[in-house]
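Worksheet: one structure, shown below.
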Amino acid sequence: MVPGFLSPSLSRLGLWASGLILILGFLKLISLLLRRQKLARAMENFPGPPTHWLFGHALEIQQTGSLDKVVSWAHQFPYAHPLWFGQFIGFLNIYEPDYAKAVYSRGDPKAADVYDFFLQWIGKGLLVLEGPKWFQHRKLLTPGFHYDVLKPYVAVFAESTSDMLDKWEEKAREDKSFDIFSDVGHMALDSLMKCTFGKGDSGLGQRDNSYYLAVSDLTMLMQQRMESFQYHNDFIYWLTPHGRRFLRACQVAHDHTDQVIRERKAALQDEKEQRKIQNRRHLDFLDILLGARDGDGIKLSDADLRAEVDTFMFEGHDTTTSGISWFLYCMARYPEHQQRCRDEAREILGDRDSFQWDDLSKMTYLTMCIKESMRLYPPVPQVYRQLSKPVTFVDGRSLPAGSLVSLHIYALHRNSAAWPDPEVFDPLRFSPENASGRHPFAFMPFSAGPRNCIGQQFAMNEMKVVTALCLLRFEFCLDPSRLPIKALRLILRSENGIHLRLKSLRPGSGK
Ligand code: HEM
Ligand SMILES: *[C@@H]1O[C@H](CO)[C@@H](O)[C@H](O)[C@H]1NC(C)=O
């Protein structure tokens, strides 16, 4: 109970507070409307699909099949069209090589309207950073992906894959299709933790599994948040059930990454371990982060360190998981290419057990197939920028500084001007002869320019080793009753998993 003599002043306070909230809300609305007007005016010269008065294009984008919806818009509106997530976030959505080059060959910052949704989860790591700090971190971490560092990873990829294939041997015996996506995901996480985070040989534990599931939740929730204007405001989002679920999943992810950092720091206390690191000519990713000093000898702050670990832990496994899973789906769908890749792998391997570094450059057909599968199923289908200065495109149309640009990699890869018969799976598009004449910005699975993927070489190596070993052990077939349905969740996933039937090729497996 509030004592009687206090209540008049309390109720006055309440009145003041609600008045203030009303005024602040009103000011916010005005600033949003002004911003909307500015973004819309900037895109005046770009016709596009009709927009809903409240949702913009969000309703179309949220539907299954939205990726192909954008491809059909791309046919209707050459080069680019406006794309609105609600009323206040409007991008120029581009999908043409020269348009892509005009923006992505420069180092414009990420669009904060979208990438800020990452902050609670992966913080300001390389993916989100901008300006001098981004440059400093990029320079610091680049040696962690030097090829001398990557060389020994070939054996690690092979080992993690072999554990997965043994598990698949059991599942194949049941002669039913199963979803390969999460097995590939656990394998990729296991490899990543061994390669870049110095994890020992033991398989994944319960905590790693919780982490894996949390990432799948986080990517789904973040995509949903981007596309739902009512979730754009932090304050409102954290009050909703989805927002709270996002925070819980962040907690799980952070528990995992904190543990990884703690264990490594503890190991560094150990003198023997320290000597081992000093004797290594090339440091791994986590060594670099923990040993980093800036010009004044100051260490990375704990927040910076964790942001980078969270960033690489996510980017380093979820992307390759998508790449490998969709590749195996393509192999199942096009058995003639599957057989050619297998023959090539057999020939390279000869009578050895596993692949070595030098073998990777010999996998030419497999590499073409991986690229063709990333063309049709790019693991990262869409990336966003905010222009720091105006840009003029090839056709003379332009955008002022401050405009938001979305590069639709999925639609770019199906642009029929760059890719005749875009829906046809044809690895020969990537033969040296055929690739040499192509626009360098027609194929951008790893983005391009200064903000391209730092893990590109790591990813290509992993995909080659893993898929070659998969094809040597199994034949992959489609399950026509459970074809995958493409879903954009930051990463390209499938609504219903990727179900394939596997036939063991091991002698004595009875097939
Ligand atoms: C097939 C696998 C992969 C694909 C398709 C891929 C794709 C991409 C793309 C499109 C970007 C640009 C993102 C943007 O503009 O917002 C990017 C950035 C990045 N990727 Fe990857 N990636 C893959 C694997 C990896 C791996 C294995 C790692 C780490 C081990 C990694 C770490 C990063 C980081 C840290 C960035 C931010 C770089 C910067 O802005 O300086 N990626 N990746
Ligand atoms: C180039 O691509 C075409 C069409 O896919 C194919 O028929 C041709 O063999 C390719 N050329 C080379 C040299 O790979």
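The values are calculated or read from the model by the stated rules, or taken from the named source; none is laboratory data. If you're wondering where the values come from, they're calculated on a predicted model, not measured in any experiment. Positions of Cβ are generated from backbone atoms using ideal geometry, with glycine treated the same way; all protein chains shown enter the neighbour counts. Quick note on the areas: whole protein, heavy atoms, side chains included, nothing else; ligands and nucleic acids left out. Shrake-Rupley method; radii C 1.70, N 1.55, O 1.52, S 1.80 Å.
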Pair Arg506, Lys151: separation of 7 Å Cα→Cβ label points (nm): 3.2 nm
FRET efficiency estimate (nearest 0.05) - Cβ-Cβ, Ala40 to Ala112, R0 22 angstrom: 0.70
Amide H contacts of Ala80 (H built 1.01 Å from N, under 5 Å, at least 5 apart or other chain): none
HN-Hα J in Hz across the stretch 157-174 - Karplus 6.51, -1.76, 1.60, θ = phi - 60°, x for Gly and Pro: 4, 4, 5, 5, 5, 4, 4, 5, 5, 4, 5, 5, 4, 4, 5, 5, 5, 6
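In whole percent, what relative contact order does the stretch 1-107 give with Cα contacts below 8 Å and a gap of six or more residues?
24 percent
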Calculated from backbone phi, Karplus (6.51, -1.76, 1.60) coupling profile of the stretch 323-335 in Hz, x at Gly/Pro: x, 5, 5, 5, 4, 5, 4, 4, 4, 5, 6, 10, x
Given 13 as the ceiling on other Cβ atoms within 10 Å, longest exposed-site-free region of the chain for GluC sites (Glu not before Pro) in DSSP loops: 175-422
Interchain or long-range residues, amide H under 5 Å from Gln382's placed H: Ile409
Heavy atoms of His232 accessible to a 1.4 Å probe, total area in Å² rounded to 10: 40 Å²
1.4 Å probe accessible area per residue over the stretch 62-167, in Å²: 38 Å²
Amide H partners (placed H, <5 Å) of Asn496, local residues excluded: Ile485
Overall form of the stretch 399-493 per C-alpha gyration tensor (a/c, 1.5; a/b vs b/c): prolate
Förster-model FRET efficiency, 56 Å R0, Lys69 and Ser202, C-beta, rounded to 0.05: 0.80
Percent of alpha-carbon pairs separated by more than 21 Å within the stretch 310-430: 56 percent
Karplus-derived HN-Hα couplings along the stretch 433-447 (A = 6.51, B = -1.76, C = 1.60, θ = phi - 60°), whole Hz, x at Gly and Pro: 4, 6, 7, 5, x, 7, 4, x, 9, 7, 10, 9, x, 9, 6
Cα principal axis extents for the chain, largest first, Å: 88, 61, 50
Partner lysines for Lys167 [C-alpha distance under 16 Å; skip if fewer than 8 residues away on the same chain]: Lys176, Lys503
Normalised contact order of the chain, rounded percent, pairs of Cα under 8 Å and 6 or more residues apart: 24 percent
Length gained when the stretch Arg352-Ala266 is fully extended (0.36 nm per residue, less Cα-Cα span): 27.1 nm
The chain - percent of accessible surface contributed by carbon and sulfur, probe 1.4 Å: 56 percent
Lysine pairs with alpha-carbon atoms under 24 Å apart, the stretch 54-141, spacing 8 or more or separate chains: 8
Å² of accessible area per residue within the stretch 204-247, as computed with a 1.4 Å probe and no ligands counted: 45 Å²
